[in-house]
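**Student:** I have a structure here, written as structure tokens, and I will follow up with some questions on it.
Read-outs: derived from the displayed coordinates by stated rules, not from any lab. In this text, all values refer to a predicted model and were calculated from it rather than measured experimentally. With ideal geometry, Cβ positions are generated from the backbone for all residues, glycine too; neighbour counts draw on all protein chains shown.
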Amino acid sequence: MSVQTVVDPTNDLVEQAKRVLPGGSFGNMPAEVVLKEGKGGRIWDEAGREYVDFLLGSGPMFVGHAHPEVTAAVQAQVPLGTTFFGNNRHGIALAEAICDAVPCADQVRFVCSGTEADLYAMRAVRAFRKRDKILKFEGGYHGMSDYALMSLAPKRPGNFPRATPDSAGIPKSVADEMLVAAFNDIDMVESLIEEQKDELAGVIVEPFQRLIPPKPGFLQALRDVTRKHGIPLIFDEVVTGFRFAYGGAQEYYGVTPDLCSLGKIVGGGFALAAIAGRADIMKHFDRLAMTDEDFIFQVGTLSGNPVASIAGLATLEVLKRPGAYEQVFATGRELMAALDDLLKKAGVQARVVGDAPMFDIVFTTREVTDYRSAMGDEAKMKRLNHLLRERGILKGESKYYISLAHTEADVAFTLDAFAAAIGEL
Ligand SMILES: Cc1ncc(COP(=O)(O)O)c(C=O)c1O
């Protein structure tokens, strides 16, 4: 009789990771989470455990993992070459699809990550306005550049509009180039813009900041005051683009910025992001249209590569079909309502914050309208996430991403897991 030993392959991988990666991880998730395979709204780890996946690769896999049409499109392209540096027809078609979908987009420049898209969007408005300062919102996430890491997650928030760095290694001078305001506080933003209008290059905002919806009228008021002074408004739509609506948060909320950044969904699970916006600002990327002083020097090895472009195009084809967004919103609303109900019944002091395509629990009794009011009990949050992971639910630290691939069975499984985890909490 042969003896079968079942070993958890994760143990070796975790040990190996701890040797060769700082903190044993890629920086995104705990070292103990080693993922192997995804299909639709489910994911499996190296030990063979199955999860309903609300991490979705941190957002790109909006139509589900390994969607058959996206997979087929990529498989058709791979044998024909994966990157050329020069233009290719799929990248051109994707740029056209973005211009058709996104209200602010006259033109598009491709890059490989949301970080880059935001960095270049900020640079573009500086070039356009010939000024240096950028206004951002406390807690607003715009990637990992020196500028974006100002007042992203301050542990002890200081006085507005002073920016503080959230990472080591950022030159002190960067703080002087950024102004920080409170999300949803239009009086604060208006007075800051009035006061600083001659110094400001632009304003960057997540139209839906992390989990926090804009108050009615906030985005429009921001649009009005920036337009009044000719200051470009950038929407960071890396998360919301093609998620809140086919035209992104700008379509969903009915407010059109001058420029936006896109990422995640638009690359269909591959490394692709974009800056899109008004032709007169995008013109600064055009060597032939600009003088040396006004030209933005921007190249990237993998920019607009045909594999990522075709994956993005195939994803957009799926999203264009009638009912796609209705389905995502129905799933998200059902989960949000059920979570809220469970928390109330259990007498837990917490709120469900967000909107149907992305939301989470914040352990606070306050109304959540900005970064400071969103600071809840993080230890409790970590514990709940851990309890959920033990029960087959995978999510990021502070977000449920809903996908088109999540089924009724996934929802039912998740509700049972919620009930058990909240009971144990
Ligand atoms: C709103 C927002 N902007 C920018 C980024 C950075 O994108 P990337 O991780 O592709 O650099 C993210 C990433 O989650 C994001 O959520």
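**Student:** For segment 186-218 and segment 243-309, what is the separation of their Cα centres, given in Å?
**Tutor:** Cα centres, segment 186-218 to segment 243-309: 21 Å.
**Student:** For the pair Val299 and Arg49, what calculated FRET efficiency results from E = 1/(1 + (r/R0)^6), where r is the Cβ-Cβ distance and R0 = 35 Å, to the nearest 0.05?
**Tutor:** 0.25
**Student:** Using Cα pairs closer than 8 Å and at least 6 residues apart in sequence, work out the relative contact order for the chain, in percent.
**Tutor:** Over the chain, the number comes to 21 percent.
**Student:** Still on this structure, please answer the following. Could I have the simple spin-label model distance between Ala330 and Asp292, label points 7 Å from Cα toward Cβ, reported in nm to one decimal?
**Tutor:** 6.1 nm
**Student:** Turning to a different aspect of this structure: Starting with the highest mean, order 410-417, 292-299 by the number of other Cβ atoms within 10 Å, averaged over the residues of each peptide.
**Tutor:** Descending mean neighbour count gives 410-417, 292-299.
**Student:** Treating the angle as unsigned and between 0 and 90°, give the value, to the nearest 10°, between the Cα long axis of helix 378-390 and the longest Cα principal axis of the chain.
**Tutor:** Long axis of 378-390 versus the principal axis of the chain: about 50 degrees.
**Student:** Distance cut-off 23 Å, Cα to Cα: go down the list Lys136/Lys172; Lys18/Lys155; Lys215/Lys320; Lys36/Lys399 and report the pairs above it.
**Tutor:** As for pairs spanning more than 23 Å Cα to Cα, those are Lys18/Lys155; Lys215/Lys320.
**Student:** Next question. How far, in degrees from 0 to 90, does helix 186-196 lean away from the longest principal axis of the Cα atoms of the chain, to the nearest 10?
**Tutor:** Roughly 40 degrees, rounded to the nearest 10.
**Student:** Between Ala420 and Lys228, how many nm apart are label points set 7 Å from Cα along the C-beta direction?
**Tutor:** With each label placed 7 Å out from Cα toward Cβ, I get 5.6 nm.
**Student:** Further question: Among His406, His90, which comes first, then next, by fewest other beta-carbon atoms within 10 Å?
**Tutor:** Result, fewest neighbours first: His90, His406.
**Student:** What number, in percent, do you get for the relative contact order of segment 232-272 if the mean sequence gap of Cα pairs under 8 Å and at least 6 apart is divided by its residue count?
**Tutor:** 47 percent
**Student:** Continuing with the same structure: Take the alpha carbon atoms of segment 369-394, find their center, do the same for segment 26-65, and report the distance between the two centers in whole angstrom.
**Tutor:** Each part's Cα centre sits 18 Å from the other's.
**Student:** Continuing with the same structure: Only Lys, Arg, Asp and Glu count, each charged at its Cβ (+1, +1, -1, -1), so figure out the dipole size of the chain about its Cα centre, rounded to 20 debye.
**Tutor:** The calculated dipole for the chain is roughly 240 debye.
**Student:** Fully extended, how many nm does the chain gain between Ala76 and Leu21 (0.36 nm per residue separation, minus their Cα-Cα distance)?
**Tutor:** Values: separation 55, 0.36 × 55 = 19.80 nm, distance 3.39 nm.
That pair, Ala76 and Leu21, stretches by 16.4 nm at full extension.
**Student:** If packing is taken as the average count of other Cβ atoms within 10 Å, what order do 242-250, 96-104 fall into, highest mean first?
**Tutor:** Averaged packing, sorted descending, gives the order 242-250, 96-104.
**Student:** While we're on this one: Let me check I've understood the local charge: for Cys112, count other residues with C-beta under 14 angstrom from its C-beta, Lys and Arg +1, Asp and Glu -1. What total comes out?
**Tutor:** Surrounding charge for Cys112 is 0.
**Student:** Students often check this: by mean Cβ neighbours within 10 Å, which of 323-330, 260-267, 49-56, 303-310 ranks highest, and how do the rest follow?
**Tutor:** Taking the mean over residues of other Cβ atoms within 10 Å, the ranking is 260-267, 303-310, 49-56, 323-330.
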